[in-house]
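Participant: Structure in structure tokens, see below.
Just so it is clear, none of the values below were taken in a lab; they were calculated from the coordinates. Bear in mind the structure is a predicted one, so any value in this text is a computation, not a measurement. All Cβ positions, glycine included, derive from the backbone under ideal geometry; neighbour counts span all protein chains shown.
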Amino acid sequence: MCPPAHFKVTYSINPWMDPAKPVDVPLAVAQWEDLRDRYRSLGHTVEELKPHPDLPDMVYAANGATVVDGRVLGASFMHPERQPEAAAHLEWFRANGFTEVHEPTHINEGEGDFAVTSSYVLAGRGFRASPLSHGEAQEVFGRPVIGLDLVDPRYYHLDTALAVLDDRADDVMYYPAAFSPGSQAALRRLFPDALIAEEPDAVALGLNAVSDGLHVLLPQAAVGLFEPLRERGYEPIGMDLGELLKGGGSVKCCTQELRDK
Ligand code: ARG
């Protein structure tokens, strides 16, 4: 995770970002710390990346790389405003004992567009990641990569429209209308029992969630997801990341998962 010490919205690269809307940095920091501390109280280790004053979107650490079985695929950002973030992530991995670190050839924004289940890497495309990054991810991770077409600009990254709930049981939740008809059909075939989100919860970025297989941390405004999650045996934990929503991200965007071997 990367603290939002320098968070601001000065440019707009997704429909959520409005540079005219003020951002309350101390509040953003407090909300972010709440998420970090919640992970820690659940027994998870949280590593912190040093924020850079010229990179306001660095708080969305999920975009900086993807790690599966200890193998790291670095990011290559689509927009010039975010491109320097990639090097900061690579440097962190190299300094922290990761030996298999791959620099990408094609545009991919880390876990923004890559979601990992036990069987597959699900890979979004349409707004950010190059479809060519999908083959690259399959080569690096050795897992079948399933390409999914995103069609609604509000859900510009896969992690705004789909969340993995249990990566051992291949359980996911998603918002169908964010995907093309063919991708919706592919998702139904792969995950016939998935939790299907309704529009109000998707708009609250309720799919931008992180699950450890039991606890599901998600935006608290996505009230319609709590009961269905409980019925499936999960423990939903509502978080308020309202300031970070102004940049177009929430719980998952702020969290890169270090999947070791
Ligand atoms: N402002 C950032 C962007 O548009 C938000 C990224 C959100 N991160 C995510 N994993 N969806 O790139």
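Participant: Given the DSSP H assignment, sum -39500 (n - 2.57) over each helix run of at least 4 residues in the chain and divide by its residue total; what's the result at 222 nm in deg cm²/dmol, nearest 500?
Facilitator: Working: 7 runs with 63 residues, N = 261.
Estimated from H runs of four or more residues: -7000 deg cm²/dmol.
Participant: Right, here's the next one. Please go through the stretch 171-261 and write out the GluC sites (Glu not before Pro) that DSSP classes as loop and that have at most 15 other C-beta atoms within 10 Å.
Facilitator: Filter output for the stretch 171-261: GLU198.
Participant: Further question: Taking neighbour Cβ counts within 10 Å as the exposure measure, how do TYR120, TYR155 sort from fewest upward? All intermediate terms of the calculation are to be shown ahead of the outcome.
Facilitator: Values: TYR120 18, TYR155 28.
With the fewest neighbours first, TYR120, TYR155 line up as TYR120, TYR155.
Participant: Exceeding 19 Å between C-alpha atoms, which entries from my cross-link table qualify? They are LYS50/LYS261; LYS21/LYS252; LYS21/LYS246. Provide the component values of the computation, followed by the final result.
Facilitator: Values: LYS50/LYS261 25 Å; LYS21/LYS252 23 Å; LYS21/LYS246 8 Å.
Over 19 Å Cα-Cα: LYS50/LYS261; LYS21/LYS252.
Participant: While we're on this one: How about the stretch 101-185: which trypsin sites (Lys or Arg not before Pro) there lie in a loop by DSSP and see at most 12 other Cβ atoms within 10 Å?
Facilitator: Values: sites: ARG125, ARG128, ARG154, ARG168; in loops: ARG128, ARG168.
Those that pass, being in a loop and sparsely packed, are ARG168.
Participant: Moving on to the next point. Rounded to whole Å, give me the distance from the Cα center of the stretch 60-112 to that of the stretch 196-213.
Facilitator: 24 Å
Participant: Let me ask something else. Measure off 7 Å from each Cα along the Cα-to-Cβ vector at GLU48 and ASP170, then give the distance between these two points in nanometres to one decimal.
Facilitator: So the two model labels end up 4.0 nm from each other.
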